[in-house]
Every structure is written in structure tokens, then in C-alpha cells.
1. When the Cα centres of the stretch 364-409 and the stretch 327-352 are compared, how far apart do they sit, in Å?
2. As I understand it, the dipole of the chain uses +1 on the Cβ of Lys and Arg and -1 on the Cβ of Asp and Glu, about the Cα centre. Which of Phe280, Gly330, Trp352 lies farthest toward its positive end?
3. Taking the chain as the reference, fit the longest principal axis to its C-alpha atoms, fit the long axis of helix 331-341 to the helix C-alpha atoms, and give the angle between the two in degrees, 0 to 90, nearest 10.
4. Any idea which of His223, Tyr181, Phe201 is furthest toward the positive side of the dipole for the chain, if Lys and Arg beta-carbons carry +1 and Asp and Glu beta-carbons -1?
5. So how much slack lies between Arg250 and Asp406, counting 0.36 nm per residue of separation and subtracting their Cα-Cα distance, in nm?
6. Working with all protein chains in place, sort Arg273, Arg364, Arg302, Arg279 by solvent-accessible area computed with a 1.4 Å probe, largest first.
7. Can you list residues from other chains, or at least 5 along the same chain, whose modelled amide H is less than 5 Å from the amide H of Ala113?
8. Would you look at the GNM of the chain, springs on alpha carbons closer than 10 Å, and say which of Tyr115, Tyr181, Tyr80 moves the most?
Amino acid sequence: MRTVLFCTVGSTHQPILAAIRGVRPDFVCFVCSEDDPATGAKGSWVQIEGEGMVIKASPKDPKPTLPNIPAQLGLAREHYAVLRVPADDFDRIYEAVRREMQARREDAMRILADYTGGTKTMSAALVAAALDEGAELHVISGARPNLDRVADGTEIAMHVSAGLARFQREIARALAPWRRYAYAEAEELLASLQSPSAQEFQALHARARGMSRVFALWDAFAHADAWREAEPLRVLLGRAGYQQLLGTLRTLARDDAKGEALRIADLWRNAERRAEARRFDDAVARWYRMVEWAPQWLLATRAGMETSDVPQEKALEGMQPGTDGRIRAGLMDAWRLAVRWADRHGDVAEFWKMHEGTVRDLVRLRNGSVLAHGFKSLGKQDWERVAKWTVSEFLPWWKEVAGIRDIPEQLPNDGEAFLGRLNP
């Protein structure tokens with residue numbers, strides 16, 4: 001197994017010698033500080049590339065008496081590389097080390113990172129890059145007569161267990177798709193992670209996968225399935241203050257008129273999620289279905305009528321049966337039927353009288369979409385026209401006419417914050 005060792009180089013050479021002798025790598029990448037731009041002081045690269053006697057055997061020695069580190073180790077030039085970095089620029093060090101690790105990955109089965117030497121910033125950046133690139137962590141330890149350094153001659157290379165820290169970073173990375181409401185993608189990423197042995201992280205892993213699956217089903221209109229998948233977490237969700245979310249999902253999962261009325265409103269939240277991803281054609285298509293579904297619900301619950309089979313005696317002027325003898329009503333005819341047969345004290349008639357023209361205009365906008373009957377790709381301004389009317393006019397009216405207590409809240413898009421509240 002070919003091993004590549006990354007090690008930060010500081011002012012002392014003993015930890016570097018101990019690390020390389022302990023690991024015996026096939027290749028070493030020395031992460032060294034470059035010369036200080038303010039003072040011109042030489043960086044730690046001198047300990048690797050300096051010529052002649054460049055290292056003090058002891059910090060108290062008046063002058064250097066030892067050659068560079070590769071010379072002391074008998075390390076041939078083809079077996080090491082020097083990565084010069086600014087001593088205290090975390091981002092630049094992190095990016096340089098990470099790129100180098102990625103480049104060396106093709107040539108190595110095992111990458112180790114020893115962060116003993118160098119500035120604190122260099123060590124921190126090396127650890128961060130190692131965690132992100134899946135490298136093993138090492139440090140040099142030994143007897144400590146003080147808090148300054150390990151005593152010379154007692155150095156020993158130690159493996160650092162970073163499984164929990166690494167898993168936390170992997171969880172955060174896997175939850176990132178929540179930001180785009182891409183819950184199914186997050187669930188797939190979480191399923192690929194191997195949970196550590198620590199019980200609390202196994203629980204976190206299970207909760208992350210479970211809630212990603214719940215919201216993926218919710219986003220795919222499978223509310224009853226989402227409610228069943230949420231069952232193991234319902235108590236925990238309630239304790240964490242997510243009672244409203246649970247109540248909404250429970251109602252959405254109901255196979256009755258109230259559940260259907262809320263699903264119509266929830267379709268708007270689904271459209272908003274598509275719009276936030278700048279998928280405006282998808283968003284408007286969902287809006288259209290919501291505005292079409294509303295009169296269908298009114299006719300079914302108030303008049304026992306299905307728009308897929310309108311009784312001849314209740315059909316309006318101009319409505320004709322198809323080849324199968326059934327009279328079907330599209331969106332505009334469904335609203336006209338609802339005004340005639342599902343109106344209660346003007347709650348439908350007044351709304352339609354005021355907004356029929358707007359709905360016609362917005363439907364024409366939808367019909368021109370490439371996802372409907374046209375060739376146009378809808379944009380942000382098109383969506384904003386639809387959203388302005390829906391939020392200010394349709395949703396308040398629908399809440400009232402359908403007897404909905406509240407329009408569903410938008411689904412959460414910060415996975416870490418959401419799950420953080422679930423800690424028992």
C-alpha cells in the first residue's frame with residue numbers, strides 16, 4: 001500500500017523526523033511557511049530546502065549545526081515535495097493542501113496528515129483538508145515537561161481518531177441538498193454514509209435519514225406515506241416544538257374533504273419550492289393545477305359533481321359531450337360550474353366575478369409555457385405575477401371558503417438546524 005504523508009513544518013525539526021520515521025511513508029509532502037512578506041524573515045521551507053547547516057540541534061544553540069530534514073533522513077529528492085504557503089492565511093493553506101491531496105490521491109492508497117509542526121493556522125488548515133479528503137490524522141506526542149513542547153527524544157507518532165468529527169462533517173455535507181429542498185438527494189447521500197459506533201451519532205444518522213425521507217415523500221405529494229414514515233419520530237418532533245408541522249402532515253394524509261382542501265393549499269408551497277430553484281415553468285404548472293383543483297373540490301363537496309362527468313342537466317351553455325358521451329369541464333368551465341352549483345351566499349360567485357379576468361390572463365401565461373401548449377420558458381417576472389395574485393387574493397379566499405385553519409408553512413431547508421432541535 002503506497003503511503004503519502006503530509007506534515008506541517010515549523011521551527012523545530014524533531015517532530016518531523018519522528019513522524020517520518022514512525023510512518024515510513026513512500027512520499028512526503030512538506031507543508032512549509034513561505035518567507036514573511038513584512039520582515040523578509042525566512043519561512044520554515046529552509047528546514048527542507050536550505051543548503052548547508054540550516055537547523056539548530058537545540059533552540060539554545062548559537063548557530064545551526066545540522067543539515068536540512070531530508071538530508072538527515074537520507075530522503076531522496078524524488079520522494080518528497082515542498083508546498084510553500086502563507087503562515088497565517090487559512091483559506092489559501094486549506095485550498096493548497098486540499099488540491100495537493102487530490103492530486104496525490106491517484107498515486108496513493110493511503111494519505112496521512114501530521115499536524116504537529118507549523119503555525120496554528122497551518123495545522124488547522126491541514127486538519128480541515130484531511131477531514132474533507134478522508135486522510136488519516138497523525139500527531140507527535142511524548143513527555144511534556146511544560147506546555148511549550150514535547151521533550152526531545154520522547155517523540156512518538158500517534159494515530160488520531162477523528163471518526164466523530166469526520167462523521168459530523170459528512171452529515172452536514174449530506175444535508176446540504178435541503179437548501180434546495182432536494183430531500184430525496186439528501187436521503188441517498190445519507191444512506192451511503194457508514195454510521196460510527198457511537199450511539200448518539202447512530203441516532204443522528206437515523207433521524208437525518210428519516211426526516212429526509214419524510215420530506216421527500218411530502219414534496220412528491222405522497223402525504224400518507226410521509227405520515228407513516230414519520231411515525232418513529234413523532235414524539236421527538238412534538239417535544240422539539242414541531243407540533244404544527246405534525247398537525248399539518250396528519251391532515252394532509254387524511255383521505256377526506258378536509259385533507260384534500262389542505263393538499264390544494266400545500267400545492268402552492270410545492271410551487272414555491274420549484275420557483276426558489278428557478279424552475280418557473282414547473283412552478284406555474286403546479287399553480288395551474290391548484291387553481292384547477294379548487295373548483296373541482298367545491299363541486300365535489302358541495303354539489304356531488306365530478307368535472308370528469310358533468311350531468312347533462314347541470315351542464316352550462318356551450319358544454320358538449322365527448323366521443324364517449326361524457327361532458328368534461330376544463331379549468332374555466334369548472335369555475336363557471338362552481339359559481340352555478342357550489343356557491344354559498346356568494347362566496348364563489350363574488351370571488352369569480354372579481355378575479356375571472358386575472359385568472360384568464362394568468363392561464364394564458366401558463367398556456368404559453370413549454371410545459372403546457374407553447375414554446376416559451378417562463379421567467380422570474382412571470383412567476384412574480386402569478387405569486388402576487390395567489391398570495392394576496394387566492395390563498396386568503398381559499399382558507400376561508402375551504403374552512404382551513406392555516407395555510408401550510410413552507411418545508412424546512414436548514415437540515416442541521418432542524419435536526420439540532422431533535423436532540424433529546
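The values are calculated or read from the model by the stated rules, or taken from the named source; none is laboratory data. Fair warning: this is a prediction, and the values are worked out from it, not measured in the lab. FYI the Cβ positions are ideal-geometry reconstructions off the backbone, even for glycines, and counts take in every protein chain you see. Side chains included, ligands, DNA and RNA excluded: accessible areas come from the protein's heavy atoms. Shrake-Rupley method; radii C 1.70, N 1.55, O 1.52, S 1.80 Å.
1. 18
2. The residue sitting most towards the positive pole is Trp352.
3. Computed tilt is about 50 degrees.
4. Going by the charge dipole, the pick is His223.
5. Numbers: separation 156, 0.36 × 156 = 56.16 nm, distance 1.37 nm.
Length difference between fully extended and current span is 54.8 nm.
6. On the way: Arg273 0, Arg364 145, Arg302 50, Arg279 110 Å².
In descending accessible area the options line up as Arg364, Arg279, Arg302, Arg273.
7. Phe6, Glu136, Leu137, His138
8. Among Tyr115, Tyr181, Tyr80, the largest GNM mean-square fluctuation belongs to Tyr80.
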